[in-house]
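Have a look at the structure below before the remarks.
The values are calculated or read from the model by the stated rules, or taken from the named source; none is laboratory data. Values in this document were obtained by computation on a predicted structure and should not be read as measured data. Here Cβ is always computed from backbone atoms with ideal geometry, including for glycine, and neighbour counts include all displayed protein chains.
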Amino acid sequence: MHLSFAWRYFKAKKSANAINIIAWVTTAVIAFATCCQVLVLSVFNGFEDLVKSLYSSFYSDLKMVPATGKTFVFSVDQLNKIKQQPYVQAVSMVVQEKALLQNGEHQPVVNLKGVDENYAKVSGLPGKVTTGKFDTGTSDDPHLVIGYGLQNAADITVNDAFAPTQVTLVLPKKNSTSADPTASISEGFAKAVAVFTIQQEFDNNYAITNIDFIKQLAGLAPDEFSAAEIKLKYGEDIDARMADLQKGTGNTVTVQSRYQQNMNLYNTMRMEKWAIYAVLTLILIIAAFTMVSALTILVLEKKKDISILQSMGGTRSFIQKIFLSEGLLLGGIGAFCGITLAIVICLLQIKFKLIKLQGGSFLIDYFPVKLVASDFLLVGGSAAIIALLASLAPAIKASRQAIELK
């Protein structure tokens, strides 16, 4: 019954026009705040999905790295044991090292990644090649697949119409103890045959080549690697399989999921998302102050109604519920309108790409959005809680009012 009283008070024309104005301003501010919250969360969801898809092109489902040091010994038997696991689709062994890439006067430092013939089965990078063909060559004839940014930085030619650029790679030798600095480094030559484009972090820093070529330059043993990258079969539980592999490899190797390989990135994105959400919640809190004003004035206007209810046996709890429900109505209607408007805007953006990104350095030219049901529950719940807290003081004031029937 208290809900019907609250609804009557909400839709009834007030004697003071200011109450109507304050009530509708409160509802509009709540609608605006909830709309902004859903829009911002949806844009962050869209960018998060975009970044994850880009990073999944470079990082494998699981990655085995040494618990200490830069390399670990991995025998053929150990490799075969992992390949035989029913949940493993493919395994690629990797050696990674910092190297100096020399092309004339250009000498950028790169992350040189040596991969085996199975790399295309665990990584989406070969599908991101925009010029040339993904081919790492052999130890005797090594090829280089470089990022687009690195190509520009080192002025490397990768074009069928011209001879591909042959670059010099300089990297440190393992466990070199010579007093001669030149003896602690080694040089090799590789032919740039392809360019990939994923994301600026990778495009500017990474070059892919043959694993045996890097091993020879770095002085690594045949069974010595920097990592083992693993692709799981579709639908496998990554966390469960990561735990299984960790049990089987002991303490010398750490198994990482794709999330753990990029933990700093994902944590930063999550923190930014919730920081913006917290800032927008302040708008709801500001709206709560106008709600307090509207309900307080309403309590003063409905003194006679409250007294009549009290004389008819209405308890304090019943009267409190009326004005708490009134506050929830203001917050609920505002939140519903705001969330509905945000959904409409997001659907229009998804279909028509109305809002564009400024500049031409992005892989897409529009703001990506993704609607997530949990965001609606979070935003709606926040609005309801704030509305309930804001209506608490006026509701208590109404319940404690003395009976006045004059």
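So in the stretch 87-133, with the set limited to residues that are surrounded by fewer than 16 Cβ atoms within 10 Å (Cβ to Cβ) and of a type in the set (D, E, K, R), which one is nearest to the chain's Cα centre (by Cα)? Selected residue: LYS121.
Every residue, every condition in (1) of a type in the set (A, V, I, L, M, F, W, C); (2) more than 21 Å from ASN80 (Cα to Cα), yes or no:
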{"site": "PHE213", "(1), (2)": "yes, yes"}
{"site": "ALA218", "(1), (2)": "yes, yes"}
{"site": "GLU224", "(1), (2)": "no, no"}
{"site": "ALA227", "(1), (2)": "yes, no"}
{"site": "LYS233", "(1), (2)": "no, no"}
{"site": "ASP237", "(1), (2)": "no, yes"}
{"site": "LEU245", "(1), (2)": "yes, no"}
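Restrict the check to the stretch 245-256 and report whether at least one residue is in contact with a strand residue (DSSP E or B) (Cβ under 9 Å, 6 or more places away or on another chain), assigned to a loop (DSSP other than H, G, I, E, B) and closer than 21 Å to VAL76 by Cα. For the stretch 245-256, residues in contact with a strand residue (DSSP E or B) (Cβ under 9 Å, 6 or more places away or on another chain), assigned to a loop (DSSP other than H, G, I, E, B) and closer than 21 Å to VAL76 by Cα: present.
Checked against (1) closer than 18 Å to ASP212 by Cβ; (2) outside any loop (DSSP other than H, G, I, E, B); (3) in contact with a strand residue (DSSP E or B) (Cβ under 7 Å, 6 or more places away or on another chain), ALA120 meets all criteria but (3). A count restricted to the stretch 316-348 and to residues that are of a type in the set (Val, Ile, Thr) and within 20 Å of LEU295 (Cα to Cα) stands at 3.
Restricting PHE74, PHE32, PHE58 to those that are modelled with pLDDT under 95 and farther than 23 Å from ARG241 by Cα reduces the list to PHE32. Being touching a residue at least 60 places away in the same chain (Cβ under 8 Å), over 22 Å from the mean Cα position of the chain (by Cα) and under 13 Å from VAL65 (Cβ atoms) is the filter here, so list the residues in the stretch 231-247 that pass it. Once the filter is applied, which keeps residues that are touching a residue at least 60 places away in the same chain (Cβ under 8 Å), over 22 Å from the mean Cα position of the chain (by Cα) and under 13 Å from VAL65 (Cβ atoms), the stretch 231-247 yields only LEU245. In the set (1) surrounded by fewer than 22 Cβ atoms within 10 Å (Cβ to Cβ); (2) farther than 30 Å from LEU50 by Cα; (3) of a type outside the set (A, V, I, L, M); (4) within 36 Å of the chain's Cα centre (by Cα), GLN200 fails one condition alone, (2). You will find that of GLY338, GLY380, GLY313, GLY331, the residue that is of a type outside the set (A, V, I, L, M, F, W, C) and on the phi > 0 side of the Ramachandran plot is GLY313 and no other. Being surrounded by fewer than 17 Cβ atoms within 10 Å (Cβ to Cβ), under 23 Å from GLU48 (Cα atoms) and at pLDDT below 85 is true of GLY359.
Are any of the residues in the stretch 368-377 among the acidic types (Asp, Glu), within 30 Å of VAL43 (Cβ to Cβ) and part of a helix (DSSP H, G or I)? Yes. The single condition from (1) surrounded by 18 or more Cβ atoms within 10 Å (Cβ to Cβ); (2) more than 30 Å from SER42 (Cβ to Cβ); (3) not aliphatic (A, V, I, L, M) that GLY313 fails is (1). Residues that are small (Gly, Ala, Ser), assigned to a helix (DSSP H, G or I) and surrounded by 18 or more Cβ atoms within 10 Å (Cβ to Cβ) within the stretch 32-86 comprise ALA33, SER42, GLY46, listed in sequence order.
Does LEU298 qualify as being touching a Pro at 6+ places or on another chain (Cβ under 8 Å), modelled with pLDDT under 90 and surrounded by 15 or more Cβ atoms within 10 Å (Cβ to Cβ)? So LEU298 fits the description; yes. Checking the stated criteria, VAL255 turns out to be within 31 Å of the chain's Cα centre (by Cα) and either surrounded by 18 or more Cβ atoms within 10 Å (Cβ to Cβ) or outside the structural domain of PHE323 (by TED's automatic domain parsing) (or both). On the basis of being in contact with a helix residue (DSSP H, G or I) (Cβ under 9 Å, 6 or more places away or on another chain), over 24 Å from TYR259 (Cβ atoms) and modelled with pLDDT of 95 or more, does LEU101 make the cut? When the stated conditions are applied, LEU101 passes them.
Here GLN310 passes the criteria (1) more than 30 Å from THR71 (Cα to Cα); (2) within 30 Å of the chain's Cα centre (by Cα); (3) assigned to a helix (DSSP H, G or I) except the one numbered (2). In the stretch 263-283, the condition of being part of a loop (DSSP other than H, G, I, E, B) and in contact (Cβ under 8 Å) with a residue 24 or more places away in the chain is met by no residue.
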